Protein chains: 4
Amino acid sequence: MPEDYNRGLSTVQPGRSPLLTATAEQLVLAGRRFDTRGWVMGTSGNFSVVIAREPLRFAITPSAAFKGELHAGEILEMDDRGAALTPGPARVSAEALLHVEIVRARGAGAVLHTHSIWSTLLSDRFGDAGGFAIEGYEMLKGLEGNRSHEHREWLPIVDNDQDMTRLSRVVRSVLDEQPEAHGFLLRRHGLYTWGADLPQAVRHVEILEFLLEVVGRKTS
Amino acid sequence: MPEDYNRGLSTVQPGRSPLLTATAEQLVLAGRRFDTRGWVMGTSGNFSVVIAREPLRFAITPSAAFKGELHAGEILEMDDRGAALTPGPARVSAEALLHVEIVRARGAGAVLHTHSIWSTLLSDRFGDAGGFAIEGYEMLKGLEGNRSHEHREWLPIVDNDQDMTRLSRVVRSVLDEQPEAHGFLLRRHGLYTWGADLPQAVRHVEILEFLLEVVGRKTS
Amino acid sequence: MPEDYNRGLSTVQPGRSPLLTATAEQLVLAGRRFDTRGWVMGTSGNFSVVIAREPLRFAITPSAAFKGELHAGEILEMDDRGAALTPGPARVSAEALLHVEIVRARGAGAVLHTHSIWSTLLSDRFGDAGGFAIEGYEMLKGLEGNRSHEHREWLPIVDNDQDMTRLSRVVRSVLDEQPEAHGFLLRRHGLYTWGADLPQAVRHVEILEFLLEVVGRKTS
Amino acid sequence: MPEDYNRGLSTVQPGRSPLLTATAEQLVLAGRRFDTRGWVMGTSGNFSVVIAREPLRFAITPSAAFKGELHAGEILEMDDRGAALTPGPARVSAEALLHVEIVRARGAGAVLHTHSIWSTLLSDRFGDAGGFAIEGYEMLKGLEGNRSHEHREWLPIVDNDQDMTRLSRVVRSVLDEQPEAHGFLLRRHGLYTWGADLPQAVRHVEILEFLLEVVGRKTS
């Protein structure tokens, strides 16, 4: 594996659980994939997988690292208050609280947050309306549970906020009001989506980003 | 080969024929190529190659797998009713019936189905007209049998439908009505094209996607 | 090196000259580079390097091959009438005559022909004017001999033609009329550019394609 | 490592300091990254890292090389007058004087200059205004020191000039007038940004290029 721009993170971390290690490899691959597509530019984005339910534990990407250049040893274990349990200087993003909220609201097994050009543009364009509908596309069948292109998917947009406790409450209320939603946008910020497991969540990112570009180009 | 997001598919499958194995490697490469170009996002798309004519047998990609992350051992053998002959839990897409129909109508040796931004947009924009013409471009010579850029290619658009038996009949009638067509679009869905063999079909995907982007940007 | 979609071309070709072999490796790399950028879709494009002047001999890419999947052993030796000297079934493109013409008119050591979205669109948009000017961009300094962004580059556009003898004459007259031009477009077809050697010609492709996209987006 | 298009530069250079060598590897990776994204087309762009302060010394990329194909042995050591200290024919770009000026004005540890489509378009579109503001985007937090998306970033635009001494003075005065700016554009030319170290500077390139595309598409 080539050297990378991420520093200050030991790649030798004895005592990591096999589950964390196996999950970490998958998160590294997801990071490379999204980096290639330009969805995690400039160390943006964060990804998590639930590795235990009682108590709730996550494998999660470290803050301030290039997501396309991660090593498995850099993936952190996190508790349900957003605190890193893995020793060392690396920290999780303050946005990790949103991951916890989504897992609690949806029972998700993986949560992915990406920053793309089209999610940024559309979250701005349709922000005042609080969201927008995507309807009639075959790709909608890639969102778990959808059986037909005739599905109408409402993608909620939440105003951006640096107060994560307050933002978590707003996100939770949107998730409760829109129980069928497969993701949401933070305004001028990016996409959150999730899945029963990491492959499903990766699929949801790709499906939603594809549809965002289609809607974005169609309505330009 | 790196690990991937595809799961639940054994990579050790004794008893696979050498022809299936050799073909499978080529399908894996096609998948990587199209994934890099963004044409099979979120496990979309499916690809097949005819490996026997009497009785008709296909090598075909499994449903619900990331097409850029396939292993050769995941490619399935399929009969002419769309049933997987390869033992194991993996299934072919319900759309496999369209592959069978295309092979019967055209005598094709390979059928490729991709989902791109531009095919989605143009199939919507020109859907009511039932298709559109592409004319005057040198790249048209990349469609088998064309000798000049002065060729006029009609690209039919078929309404999307989740009833595959009904959709197969509609596709068959369009293929019969447009004997010169090298592909068709499913509305708000994607592209189908084919070739005498896999390299020719891959070429047709690239040629048609190139022309779709040209037409899409020109008519925006 | 991975297997690829190109077939029917032996990779073991005794008697190839060391110069052809060394040049062939460079052409393979150029092909991969342009394929990644989407400029040689569907086996389009062709590239040549002069390997001898007396008599004039070229290393040139074979026709009908994916340019991002070439092996060095597939690169052909060609004479100044566009005939392949390398034994085997592979042939050079009929457009090879344009390479010969450009080498004769400009004394170039390498000629590259690519098909991009933006060259196709702009060659159409400005075709009736016979070309267009690119002026005021720093990237113009990447065209050999230019010392300032204040340079005004005229990019001629030639009507496409399947008669290569006739097209060669038209190209020659345009090259003679525009002695300062670093390239030209064939209408609804693509870009030709050249250089003293392959790296310079590769640089010219990238500089011109960059400028084409800038002009294309600015004038949309 | 594959062969490349860069020539005339020895890859065996005894007497290079370990710090230069280590830094060079990081610059090679940055070059590949930006080349993939299309920001250093046609040998454009240049990157430097400060490797000593007293006297001031840089590791810097050579002029006229493809930035995605660099070898570590091609990275040069440079003094504070823009002169290469590494023996051999390779030279640094005349623009290296801007790197020196930026390091002096900002105390930066790394300076990166890229040429993208969107920086070219926006530097032209907003050039008469001398710059433009980027405001309200979460990605602004990726610029060092910003704590909120509510930040308003002014991106100055400086007229392009081939007289590097004169341009250096103008750049210095803009940097002094805009002490909060994280980068600037040269008109119809490209982006300069910097950071405390190379990873921070790489992050700033990606953040600013992302925001340029967002602003560019929004205002088209």
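Residue-by-condition table, conditions (1) farther than 20 Å from B:Tyr137 by Cβ; (2) within 15 Å of the chain's Cα centre (by Cα):
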| residue | (1), (2) |
| --- | --- |
| C:Leu121 | no, no |
| C:Asn160 | no, no |
| C:Thr165 | yes, no |
| C:Leu191 | no, yes |
| C:Arg203 | yes, yes |
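Inside region B:25-67, can you point out the residues that are within 20 Å of B:Arg104 (Cβ to Cβ) and aromatic (Phe, Trp, Tyr)? If the condition is that a residue be within 20 Å of B:Arg104 (Cβ to Cβ) and aromatic (Phe, Trp, Tyr), then B:Phe47, B:Phe58 are the ones that fit.
If the condition is being open to solvent by less than 20 Å² (accessible area, probe 1.4 Å), farther than 14 Å from A:Leu211 by Cβ and within 14 Å of chain A (Cβ to nearest Cβ), then region B:120-134 contributes B:Leu122, B:Ser123, B:Gly127. The listed residues are B:Ala108, B:Ala83, and the only one of them that is of a type in the set (A, V, I, L, M) and out of contact with any helix residue (DSSP H, G or I) (no Cβ under 6 Å at 6 or more places or on another chain) turns out to be B:Ala83. Within region D:150-158, can one find any residue that is on the phi > 0 side of the Ramachandran plot, in contact (Cβ under 8 Å) with a residue 24 or more places away in the chain and in contact with an Asp or Glu (Cβ under 8 Å, 6 or more places away or on another chain)? Scanning region D:150-158 turns up no residue that is on the phi > 0 side of the Ramachandran plot, in contact (Cβ under 8 Å) with a residue 24 or more places away in the chain and in contact with an Asp or Glu (Cβ under 8 Å, 6 or more places away or on another chain). The residues of region D:124-149 that are of a type in the set (Phe, Trp, Tyr) and touching a residue at least 60 places away in the same chain (Cβ under 8 Å), listed by number, are D:Phe132, D:Tyr137.
Flag set for A:Arg57, criterion: at pLDDT 95 or above, touching a strand residue (DSSP E or B) at 6+ places or on another chain (Cβ under 6 Å) and outside any loop (DSSP other than H, G, I, E, B). Listed by first and then second residue, the pairs linking a residue in region C:161-175 that is farther than 16 Å from C:Gly130 by Cβ to a residue that is in a helix (DSSP H, G or I) and open to solvent by 50 Å² or more (accessible area, probe 1.4 Å), with Cβ atoms under 6 Å apart and 6 or more places separating them unless they lie on different chains, are C:Met164/C:Leu97; C:Ser168/C:Leu97. Of the residues making up region D:125-140, not a single one is touching a Leu at 6+ places or on another chain (Cβ under 6 Å) and charged (D, E, K, R). Taken over region D:163-180, the criterion of being open to solvent by 10 Å² or more (accessible area, probe 1.4 Å) and in contact with a Pro (Cβ under 9 Å, 6 or more places away or on another chain) is satisfied by D:Val174, D:Glu177, D:Gln178.
Every residue, every condition in (1) at pLDDT 95 or above; (2) small (Gly, Ala, Ser); (3) within 17 Å of the chain's Cα centre (by Cα), yes or no:
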residue: C:Arg53; (1), (2), (3): yes, no, no
residue: C:Phe66; (1), (2), (3): yes, no, yes
residue: C:Ala90; (1), (2), (3): no, yes, no
residue: C:Ile117; (1), (2), (3): yes, no, yes
residue: C:Asp128; (1), (2), (3): yes, no, no
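Going residue by residue through region A:140-149, is there one that turns out to be within 18 Å of the chain's Cα centre (by Cα), part of a helix (DSSP H, G or I) and either among the basic types (Lys, Arg) or more than 7 Å from every other protein chain (Cβ to nearest Cβ) (or both)? No, region A:140-149 has no match at all. Of all residues in region C:165-180, exactly one satisfies the criterion of being part of a loop (DSSP other than H, G, I, E, B) and acidic (Asp, Glu), namely C:Glu180.
For region C:183-193, a residue qualifies if it is open to solvent by 20 Å² or more (accessible area, probe 1.4 Å) and in contact with a strand residue (DSSP E or B) (Cβ under 6 Å, 6 or more places away or on another chain), and exactly one does: C:Arg187.
The single condition among (1) surrounded by fewer than 22 Cβ atoms within 10 Å (Cβ to Cβ); (2) in contact with a helix residue (DSSP H, G or I) (Cβ under 8 Å, 6 or more places away or on another chain) that D:His204 does not satisfy is (1).
Looking across A:Gly38, A:Gly45, A:Gly73, one residue alone is buried (at least 24 other Cβ atoms within 10 Å of the Cβ) and either in contact (Cβ under 8 Å) with a residue 24 or more places away in the chain or under 25 Å from D:Leu143 (Cβ atoms) (or both). It is A:Gly45. Among the residues making up region C:181-220, those that are more than 13 Å from chain D (Cβ to nearest Cβ), touching a residue at least 40 places away in the same chain (Cβ under 8 Å) and in a loop (DSSP other than H, G, I, E, B) are C:Arg187, C:Arg188, C:His189. Just one of the listed residues (D:Gly107, D:Gly45) is under 27 Å from D:Arg172 (Cα atoms) and either of a type in the set (S, T, N, Q) or more than 14 Å from chain C (Cβ to nearest Cβ) (or both), namely D:Gly107. Take region B:87-110 and flag every residue that is under 23 Å from A:Arg203 (Cβ atoms), open to solvent by less than 40 Å² (accessible area, probe 1.4 Å) and not in a helix (DSSP H, G or I). Those that are under 23 Å from A:Arg203 (Cβ atoms), open to solvent by less than 40 Å² (accessible area, probe 1.4 Å) and not in a helix (DSSP H, G or I): B:Ala90, B:Val92, B:Ser93, B:Glu95.
The values are calculated or read from the model by the stated rules, or taken from the named source; none is laboratory data. The shown structure was predicted, so the numbers you read here are calculated from the model rather than taken from an experiment. Here Cβ is always computed from backbone atoms with ideal geometry, including for glycine, and neighbour counts include all displayed protein chains. Keep in mind that these areas ignore ligands, DNA and RNA; they rest on the heavy atoms of the full protein, side chains included. Shrake-Rupley method; radii C 1.70, N 1.55, O 1.52, S 1.80 Å.
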